[in-house]
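Presented below is the structure to which this report refers.
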Amino acid sequence: MSLTIEKNDCVELSFTGYANGTVFDSNIPEDLKQLNQEAKPQPLIFFVGQGMVVRGLDREIEGKEIGKPYTAHVLSKEAYGPRSSTLIKTIPLRVFLEKNVNPQPGMAFALDNTIAHIRAVSGARVIADLNHPLAGKDLDYKFTIVRKIEDKKEKSEIFFKLFLGNLPNIEVLENKVVVKASKAFEAFVNAVKEPFKTLVGSDLEFIESKENAPEKAEEKSNPAPEESAETIQQSL
């Protein structure tokens, strides 16, 4: 009997995403080389149906079998949404110069909790586009569900990495998971008890421990940008 994936399952996905026939993201080695010869594939692990991947792909995963290759066509409204003219901003050039940054078309920087791409520099004005680079585009995916994560300790660790970015000291018991951390961590534990029960399948309990502060997790492949024009980056 084939095992199929349901909402809230924790899965590892092997995938390649295409926009207009061109690879834009992948963790399949031969496809990833089309983006960067030096890049190393990173595992994609997430809870299904929780908006951790684009909505259209998220929906496609439900009901699929582990180990079987699939393809999915995702309309733009189910991916990164339509392009919006309201997300085209004009920024005074002095804002960049005050940060010792010389803006050039193609550069990207953090603005309003998103990545803005510089489209043009004209006189004392910089035209920036806050639309996602894939906004307005239909996407195609090929994917295989590599595995469904069942181990409670591994699922618990994945939960904290995804929701917090930190790994607390945890103890997995028969009917609950105990977090041992500093007092400052208690509020977070209380806030995530319900989603933890839904996704991991266990109650979550907090015990204060001055000796066991949460350890910083490995840096994510797509960290959130800081809100500063100083975080100028090369455009994707």
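The values are calculated or read from the model by the stated rules, or taken from the named source; none is laboratory data. For clarity, every value in this text was computed on a predicted model and none was experimentally measured. Note that each Cβ is placed from the backbone with ideal geometry, even for glycine, and that neighbours are counted across all protein chains shown.
Couple of notes before you dig in:
- Residue match in region 7-14 (condition: of a type in the set (Ser, Thr, Tyr), modelled with pLDDT of 95 or more and within 25 Å of residue 135 (Cβ to Cβ)): no
- Among the residues listed as 130, 139, the single one being of a type outside the set (S, T, N, Q), at pLDDT 95 or above and in contact with a strand residue (DSSP E or B) (Cβ under 7 Å, 6 or more places away or on another chain): 139
- Restricting region 176-195 to residues that are within 24 Å of the chain's Cα centre (by Cα) and either in a strand (DSSP E or B) or aromatic (Phe, Trp, Tyr) (or both), the residue that is nearest to residue 210 (Cα to Cα): 185
- Residue within region 64-74 that is touching a strand residue (DSSP E or B) at 6+ places or on another chain (Cβ under 6 Å) and modelled with pLDDT under 95 present: no
- For region 61-70, the criterion of being surrounded by fewer than 18 Cβ atoms within 10 Å (Cβ to Cβ), in contact (Cβ under 8 Å) with a residue 40 or more places away in the chain and of a type in the set (Ser, Thr, Tyr) is satisfied by at least one residue.
- Number of residues in region 155-175 that are in contact (Cβ under 8 Å) with a residue 40 or more places away in the chain and not in a loop (DSSP other than H, G, I, E, B) equals 10.
- Residue tally, condition touching a residue at least 24 places away in the same chain (Cβ under 8 Å) and touching a strand residue (DSSP E or B) at 6+ places or on another chain (Cβ under 9 Å), over region 40-52: 7
- Residue match in region 76-97 (condition: polar (S, T, N, Q) and under 19 Å from the mean Cα position of the chain (by Cα)): yes
- Top-ranked residue of region 10-39 - restricted to ones that are of a type in the set (Ser, Thr, Tyr) and touching a strand residue (DSSP E or B) at 6+ places or on another chain (Cβ under 9 Å), ranked as nearest to residue 154 (Cα to Cα): 14
- Cβ pairs under 7 Å, 6+ apart, first in region 103-121 and touching a residue at least 40 places away in the same chain (Cβ under 8 Å) and on the phi < 0 side of the Ramachandran plot, second outside any strand (DSSP E or B) and of a type in the set (D, E, K, R): 110/226; 110/227
- The residues on offer are 146, 172, and the sole one that is over 30 Å from residue 54 (Cα atoms) and of a type in the set (Val, Ile, Thr) is 172.
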